[in-house]
Amino acid sequence: MSAKRYYYEPADGHGLPHDPLNAIVGPRPIGWIASYDSHGNRNLAPYSFFNCFNYRPPIIGFASSGWKDSVQNILDTKEFVWNLATRELAEQMNETSASIPHGDDEFTRAGLTAVPGQKVKASRVAESPVNFECRLSQCIQLTSADGIAIDSWLVLGEVVAVHIDEALLIDGIYQTALAKPVLRAGGPSAYYTIDETQRFDLIRPDAR
């Protein structure tokens, strides 16, 4: 590693060809979010600002830059489904990021199968090996440190039902690498996946 440090203050711009923030905080899991509007029209969109925030109850969430259809749909219906984006589904996941007229169906556009949820009305992506059915817990508009409202919205949902392809469970343990999840990295087009050769184990000090 070099001792030299590139320094910038975000308010003044980064001065680089591409903002490094989302490359540094990464790779990130993808929030492939299925929802529906008040007329029953399906929507499916990927969000790279996504993660899990709590165990019990399980809370996951994604952030939307701008007020998108997903946010409006979830606010109206109070539910959504997260679908695991895998390497096999990467191109179809990317296709669902296209800007298309409201009401057009991304499931149909990407050639994906919509399956109704068990606990929510939002559809699951049948081809995805893991789905979380969620109910809205909070929708929060982000603010700057100065309290100025930002056009970015954090949507949090409680996971009320989980679907896992049993091929990903070995001796009852979920195999993260076996699913080949797609993770968003920096730049305009970079993604990664993982495999078992990248694994290493650490035991927390309190568990020793």
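Before moving on, here are some points about what is shown:
- Charge dipole magnitude, Cβ of K and R +1, D and E -1 - segment 115-189, Cα centre, debye nearest 20: 160
- One decimal place: the segment ALA177-ARG56 gains 41.1 nm when fully extended, by the rule 0.36 nm per residue minus the C-alpha distance.
- Evaluated with a Cβ-only charge set (Lys, Arg +1; Asp, Glu -1), the chain carries a dipole of roughly 420 debye about its Cα centre, given to the nearest 20.
- Length released on extending from SER2 to GLU91, taking residue separation times 0.36 nm less the Cα-Cα span: 28.4 nm
- Reachable lysines from LYS78, criterion Cα separation under 18 angstrom, eight or more residues apart if same chain: LYS68, LYS119, LYS121
- Stretch gain in nm, segment ILE164-HIS102, where the contour uses 0.36 nm per residue and the Cα spacing is subtracted: 19.3 nm
- The chain: calculated mean residue ellipticity at 222 nm from DSSP helix runs of at least 4, using -39500 (n - 2.57): -2500 deg cm²/dmol
- Segment 63-208, relative contact order in percent, only Cα pairs under 8 angstrom and at least six apart counted: 23
- For segment 156-201, applying the loop criterion from DSSP together with a ceiling of 13 other beta carbons within 10 Å to the GluC sites (Glu not before Pro) yields no site.
- Unit Cα scatterers, Debye sum, segment 44-163: log10 I(q)/I(0) for q = 0.13, 0.21 Å⁻¹: -0.51, -1.31
- For segment 189-208 versus segment 120-152, the gap between their alpha-carbon centres in whole angstrom: 26
Since every read-out is calculated from the coordinates, none of them should be taken as a lab result. Note that this is a predicted model, so its numbers are computed, not measured. Counting neighbours? That spans all protein chains shown, and the Cβs are built from the backbone with ideal geometry, glycine included.
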